[in-house]
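Visitor: Sending over a structure as C-alpha cells; questions will come in a sec.
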Amino acid sequence: MDMQRVNEGASSLTTHRLAYGVGGLLLLLAALVLFGWFAGIDWLTRGIAGYPTMKVNTALGFVLLGAGLLTTYHPQPEQRRRTAAVALLLAIGSLLTLLEYWLQLDVGFDQLLVADLQSDVYPGRPSEATAIVFMIAALLLMQQSSSQYRPRDRWIYSVLLSAGLCPVMVGLFAYLYEPSSLWGMAMFSTMAIHTCIAFLLFFLTTALVSQDSLVRYVLWRRTEGGRLFRRLLFPILVFPILAGWVLQQMVSQQWLPMVLSIALFVMLTGLVSLGALYVSVIRLDRWAELLNDEVEARHLAQTKLALVWNSAQTAVLLFDRHGRVLEANRGACQLFGFDSRILRTRVLTDLIPAVAEEEALQRLQAFLADDQQDCWSLDDPARIRAQTRSGEQIPIVAAISKHRLDNQLYIGAVLMRVPQLAAAIDRLRDDSFRDALTGVWNRKSLDLRLERIAEYGLRREAGQMLGVIMLDIDYFKKVNDQHGHTVGDQVLQEFAVRVSSALREEDHLYRYGGEEFLALVWFRHPVELVRVACRIRQQLVQSPLVEAPVINITCSMGIAAIVSGECDLGAILEEADAALYRAKSNGRDNFVLAGSLLPEHQRSALATPSAVSRRDEPDVVPTPNLP
C-alpha cells in the first residue's frame, strides 16, 4: 500500500524527465570544463577565480555520470546494460586514481589528455575525496542497473547514497563558510566548487528518482507523514544552511562579532523550527480529529451493517457481476436451508427462479447497465419466490442493488419472507381474474393471457399449438325468459363446472361474456381439439344441468388455433367466432373447425361428431329440452 501511495504521488514520467535533465546538465558542465582546458579559458575550469580547477579526468567522470543517468532511467530495460558498462569504466578510473594516492605512484594517467600547468602538487589528478565519491557513484549506478529487485537493495542504496553525500556536503559547506579550510585538507585540496555542486545534483537526482530511495519514498507520499516531511524540509534543513552562510559572511566582514552571530543563529533556527513545528502540530491535530470522526463513522456504519447482516429475519446476499454468490448472512442460510459454504456455490437464478424468466432477466440486465438506477425492487410475492433446499418455494420481496469498487461490479440482494402478504395478494389477484358467478377465469384474465402470448410468444413443448374453442349456450335467452335469471345463473354455474371437467389441467376456461365462454387448449393435431369438443358435449348431455325445473342444455362451438406468438390474435378470435356462427347456422349443438385447421380438400367443410371414432368419443347429439 505504501509503494502504491508513492507511485500515486510521483509521476514516473516526471521523475524520468528529471533524470534526463540532470544527466544532460552534467554532460554540458563536463563539456564546458573540457573546452576550458583545451581552449585555455581559466574561469571555465575554476568556476570562481582563485578556487581549485576541475581536472580533466574529473570532467570525464561527469561525462560518464551524465550518461549513466540517461541510461539507468530509460524506459527500455535493455539500456541498463549500457549503464553497467558506464559504471564499470567510472569505477576503473576511480580505482586507478586511488591506487596512485595510496601507493604514491604517478603513471601519467592524470595528464594523458591535457597537461596541468596550474597545479604544483599532483598536477591533473582529481582529489582523493573526488575519486572516492566517483567510486561510490559507480557502485550506485551498478546497483540501479540490476534488473532483479531484492528487499535489501533499498538499504544498500541508502548506505551508498549517504556515503557519497557526506564528503560532498563537507566540501560544499566548507566552500560556503571557509573555503581556505578545505584547501588545507590533503583529501579535499583539489576539489573544485562546481565538482561539489555537480556531485550534489547527481545524488539528489538519484534520491528523487530511484525506486530504492527512502527519500523518494517519504517525499512523494500523499499521506500526512509525507506532507509533514515536505513542510519541515525548508525550516530544518535549508534555512539553517542559508542563515549560517549569511551570518558567516557578516562575521568575515566584521559586521558582527562571532559570539553574537552564534546567538543569532541559534535564535533564528530555533524560532523557525518552533514555528514549523507549531503549524505542523495544529495540522496534525486537525487531521487527527478528522481521522477520529472517520473512525467513529466507520464504527457506526459497521454496527449498522452488522445488525442487518446478522439478522435472522432478513436474508442478505452478495453476488458478483455473473450472479455467483460471494457472501451470505445467517438469515440467507436459514431461508434457503444451506450453510454459507454451499450457498457460495449457487447463483442468483438458482435461488430466485423468477429472475431466470425472460422478462425478468431482461429487466435485470437493463438495471445492471443503467448507471442512473441504483436499486431494483422485486415486490411481487405472488410470483417472486425463494427456492429452498427442500424444493419449497417461499414467497419473498427482494431489493437488489449494485456497487462498483475498483472497476468490479458487485450485486447485493436483501430478501424478506412475506407468506401472509403473498397469500393475500394471491387471493386478491385470483379474485380480480375470476368471474364472480361461475368461478372460471374472466375476460380480463383472457386479455392478459393473449397480451403475454403476443409479447413473448407461446411457451410450450416442441410441436404444441394453442387451440381456441369458443362456446355459446344454445337457447340460453329462453331459459332466462321462462325461468328467471336465478335459474339462468344456476345454468351458467353448472355449465362452467361441466366444461371445466372436460378440459385437462393445463387447459383454461374463460367466461367471454354473457352465455359465451372460451377455452384455450394445448394440442399437437386438430383431432385432439375435436376430442375435447366431444368430451364437452358428453358432459352436457349426461344429465340435466338443473334438476328443478329440469333443464337440458347444449352448446355450439367454433374452433380455431394459435400456432405462434406472431399470429394476429384478433384474427384468430374472429376465425373462432365465425366458426361458432356457422355451428349455430347448422342447427346448433355441434362444433365447426376453422378453415385453417382442415385439410385443403375439406376447407369450409363442417366437422361433425362422426369425424371421431365412437371408440374414442360418444357420438351423442342432444336437442334442447326446454319445459
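The values are calculated or read from the model by the stated rules, or taken from the named source; none is laboratory data. In this text, all values refer to a predicted model and were calculated from it rather than measured experimentally. Note that each Cβ is placed from the backbone with ideal geometry, even for glycine, and that neighbours are counted across all protein chains shown. The protein model used for the area step is the full one, side chains on, heavy atoms only, and it has no ligands, DNA or RNA in it. Shrake-Rupley method; radii C 1.70, N 1.55, O 1.52, S 1.80 Å.
Visitor: In the neighborhood of Asp320, defined by Cβ-to-Cβ distances under 15 Å, what is the net charge if each Lys or Arg adds +1 and each Asp or Glu adds -1? Intermediate results must be reported in sequence, preceding the final value.
Guide: Values: positive: Arg321, Arg324, Arg344, Arg346, Lys402, Arg404; negative: Glu327, Asp350, Asp406.
Net charge around Asp320: +3.
Visitor: When Lys and Arg each count +1 and Asp and Glu each count -1, what net charge do the other residues less than 14 Å away from Phe188, Cβ to Cβ, add up to? Mind showing how you got there, number by number?
Guide: Values: positive: Lys55, Arg125; negative: Glu128, Glu178.
Value of the local net charge: 0.
Visitor: Going toward the positive end of the dipole of the chain, with +1 on Lys and Arg Cβ and -1 on Asp and Glu Cβ, which of Ser564, Ser585, Phe38 do you reach last?
Guide: Towards the positive end, the residue furthest out is Phe38.
Visitor: Further, regarding this structure: Quick one: how many lysine pairs in the chain have C-alpha atoms under 26 angstrom apart, if they're 8 or more apart or on different chains?
Guide: Working: Lys304/Lys402; Lys444/Lys477; Lys477/Lys584; Lys478/Lys584.
The result is 4.
Visitor: Going by alpha carbons, how many degrees (0 to 90, nearest 10) lie between the helix axis of 419-433 and the longest principal axis of the chain?
Guide: The answer is roughly 50 degrees.
Visitor: Using modelled backbone amide H atoms (1.01 Å from N, in-plane), which distant-in-sequence or interchain residues come within less than 5 Å of Ile384's amide H?
Guide: Ile396
Visitor: Another question, if that's okay. Roughly how many Å² of Ser94 are accessible to a 1.4 Å probe, to the nearest 10?
Guide: 10 Å²
Visitor: Determine, from the Cβ-Cβ distance of Ser146 and Ile92 and an R0 of 22 Å, the FRET efficiency 1/(1 + (r/R0)^6), rounded to the nearest 0.05. Spell out each step's value before the answer.
Guide: Numbers: r = 19 Å, r/R0 = 0.87.
Computed FRET efficiency for Ser146 and Ile92 comes out at 0.70.
Visitor: Return the FRET efficiency for the residue pair Ala263, Phe173: r is the Cβ-Cβ distance, R0 is 25 Å, and the value is rounded to the nearest 0.05. Let's see the in-between values first.
Guide: On the way: r = 20 Å, r/R0 = 0.82.
My answer for the efficiency is 0.75.
Visitor: Moving on to the next point. Enumerate the amide H contacts of Gln118 below 5 Å, restricted to partners 5 or more residues apart or on another chain; note that Pro and chain-start residues carry no placed amide H.
Guide: Sorted by chain and number, the residues that satisfy this come to none at all.
Visitor: About its Cα centre, how strong a charge dipole does the stretch 29-141 have in debye, to the nearest 20, once Lys and Arg get +1 and Asp and Glu get -1 at the Cβ?
Guide: That gives a dipole near 440 debye.
Visitor: Between Leu361 and Ser189, how many nm apart are label points set 7 Å from Cα along the C-beta direction?
Guide: Taking the two extended label points, one gets 9.1 nm.
Visitor: Treat every Asp and Glu Cβ in the stretch 207-361 as -1 and every Lys and Arg Cβ as +1, leave all other atoms uncharged, and give the resulting dipole magnitude about the Cα centre to the nearest 20 debye. Mind showing how you got there, number by number?
Guide: Numbers: 16 positive and 14 negative charges, 117 e Å.
Charge dipole, the stretch 207-361, about its Cα centre: 560 debye, nearest 20.
Visitor: Between Cys166 and Ser564, what is the spin-label point distance in nm, taking each point 7 Å from the Cα along the Cα→C-beta axis?
Guide: 9.0 nm
Visitor: Any idea how far the Cα center of the stretch 261-305 sits from the one of the stretch 99-134, in Å?
Guide: After rounding, the separation between the Cα centres reads 53 Å.
Visitor: Something else now. Heavy atoms only, probe 1.4 angstrom, no DNA, RNA or ligands counted: give me Val259, Val170 ranked by accessible area, highest first.
Guide: On the way: Val259 115, Val170 70 Å².
Listed by decreasing accessible area, they come as Val259, Val170.
Visitor: OK, next. Under 5 Å between amide H atoms, partner at least 5 residues away or on a different chain: which partners does Phe591 have, H built in plane at 1.01 Å?
Guide: Met557
Visitor: How large is the helix-only mean residue ellipticity at 222 nm for the chain, computed as the sum of -39500 (n - 2.57) over DSSP H runs with n ≥ 4, divided by its residue count, in deg cm²/dmol to the nearest 500? Don't jump to the answer; show the numbers that get you there.
Guide: On the way: 22 runs with 344 residues, N = 627.
Result for the chain: -18000 deg cm²/dmol, rounded to the nearest 500.
Visitor: Once the other residues with Cβ under 12 Å from the Cβ of Ile553 are scored (Lys, Arg +1; Asp, Glu -1), what is the net sum?
Guide: On the way: positive: Lys478, Arg498, Arg537, Arg588; negative: Asp472, Asp474, Glu494, Glu515, Asp589.
Spelling it out: positives minus negatives among the neighbours equals -1.
Visitor: In what sequence, highest mean first, do 248-255, 491-498 appear when ranked by Cβ atoms within 10 angstrom?
Guide: Details: 248-255: 12.5, 491-498: 19.9.
Ranked from most to least packed, the peptides come out as 491-498, 248-255.
Visitor: Right, here's the next one. How much solvent-accessible surface does His322 expose, in Å² to the nearest 10, with a 1.4 Å probe and all protein chains in place?
Guide: 110 Å²
Visitor: Let me ask something else about it. Evaluate the relative contact order of the chain (contact order divided by residue number), counting alpha-carbon pairs under 8 angstrom at least 6 apart; express in whole percent. Can you show the working numbers first?
Guide: Working: 898 pairs, mean separation 46.5, N = 627.
7 percent.
Visitor: Next question. Order Leu368, Leu291, most accessible first, counting only protein heavy atoms with a 1.4 angstrom probe. Let's see the in-between values first.
Guide: On the way: Leu368 35, Leu291 70 Å².
Putting Leu368, Leu291 in descending order of accessible area: Leu291, Leu368.
Visitor: Now, a different point. Provide Asp106, Asp116 ordered by accessible surface of protein heavy atoms (probe 1.4 Å), highest first.
Guide: Numbers: Asp106 115, Asp116 10 Å².
Putting Asp106, Asp116 in descending order of accessible area: Asp106, Asp116.
Visitor: Now for a separate question. I'd like the FRET efficiency for Val272 and Leu204, computed as 1/(1 + (r/R0)^6) with the beta carbon distance as r and R0 of 25 Å, rounded to 0.05.
Guide: Details: r = 22 Å, r/R0 = 0.89.
For Val272 and Leu204, the calculated efficiency is 0.65.
Visitor: Now for a different question. For Asp293, tell me the accessible area in Å² from a 1.4 Å probe, rounded to the nearest 10.
Guide: 90 Å²
Visitor: Let me ask another. If the only charges are +1 at each Lys and Arg Cβ and -1 at each Asp and Glu Cβ, what is the size of the charge dipole of the chain around the Cα centre, to the nearest 20 debye?
Guide: Numbers: 58 positive and 63 negative charges, 261 e Å.
Using only the charged Cβ atoms, the result is roughly 1260 debye.
Visitor: At 1.4 Å probe radius, can you tell me the per residue accessible area of the chain in Å²? If you can, show how the numbers build up before the last one.
Guide: On the way: 33330 Å² over 627 residues.
Per residue, the chain has an accessible area of 53 Å².
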